Amino acid sequence: MNQCNTTTFPRTIGMDLGSRTSSVCIVDPAGERVRESVIKTTKVEMATFFEEQADSRVVIEASGPSRWIAEVAKSHGHEVVVANPREFRLICESHRKTDRNDARILADFGQFRPGLLHPIKLRGVK
């Protein structure tokens, strides 16, 4: 799946992943925020969340849980963009760093300029 294509999705989902909870920001094609929430970072919660969403672009940062969350999202028909945190410094160097703001930044950039996230391809389990 190409992580930088220009396909328009009904929504883009930015997620700041945490070990216990993850912040979510969903934007529509015009960039308007349509939902912000916090969900538990468990396979059941993530699967339920992704199942409820129309096909979307999901944007996450590379981190410990990013591989399995990407797989869960893909299994529900979503495109996944994994931002390279070493190259995309807007989040790590932000003076207003919060999980909510990070999810917003990922959603906004994922909607309009996913290439600026310096997407990476996650390695397979093998």
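The values are calculated or read from the model by the stated rules, or taken from the named source; none is laboratory data. Because the structure is predicted, anything quoted here is derived from the model rather than measured. We place every Cβ from the backbone using ideal geometry, glycine too, and count neighbours over all the protein chains shown.
If I filter region 22-45 for residues that are touching a residue at least 12 places away in the same chain (Cβ under 8 Å), surrounded by 22 or more Cβ atoms within 10 Å (Cβ to Cβ) and among the polar types (S, T, N, Q), do I get at least one hit?
yes
Criterion first (of a type outside the set (Ser, Thr, Tyr), within 24 Å of GLY115 (Cβ to Cβ) and at pLDDT 95 or above) does MET15 satisfy it?
Here the answer is yes, as MET15 does meet what is asked.
Filtering region 52-64 down to residues that are more than 19 Å from PHE9 (Cα to Cα) and in contact with a strand residue (DSSP E or B) (Cβ under 8 Å, 6 or more places away or on another chain), which residue is surrounded by the most Cβ atoms within 10 Å (Cβ to Cβ)?
GLU61
Of everything in region 18-29, what is within 14 Å of GLY110 (Cβ to Cβ) and either modelled with pLDDT under 95 or not in a strand (DSSP E or B) (or both)? Give them in sequence order.
ASP28, PRO29, listed by residue number.
Filter region 46-88 down to the residues that are without any contact (Cβ under 8 Å) to a residue 40 or more places away in the chain, under 15 Å from HIS118 (Cα atoms) and of a type outside the set (S, T, N, Q) and list them by number.
Within region 46-88, ALA83, PRO85, ARG86, GLU87, PHE88 meet the criteria.
Report, by residue number, each residue of region 57-116 that is outside any loop (DSSP other than H, G, I, E, B), of a type in the set (Gly, Ala, Ser), farther than 14 Å from VAL27 by Cβ and at pLDDT below 95.
SER66, ALA83, GLY115
For VAL72, work out the one condition from (1) within 15 Å of ARG11 (Cα to Cα); (2) surrounded by 15 or more Cβ atoms within 10 Å (Cβ to Cβ) it doesn't fulfil.
Exception for VAL72: condition (1).
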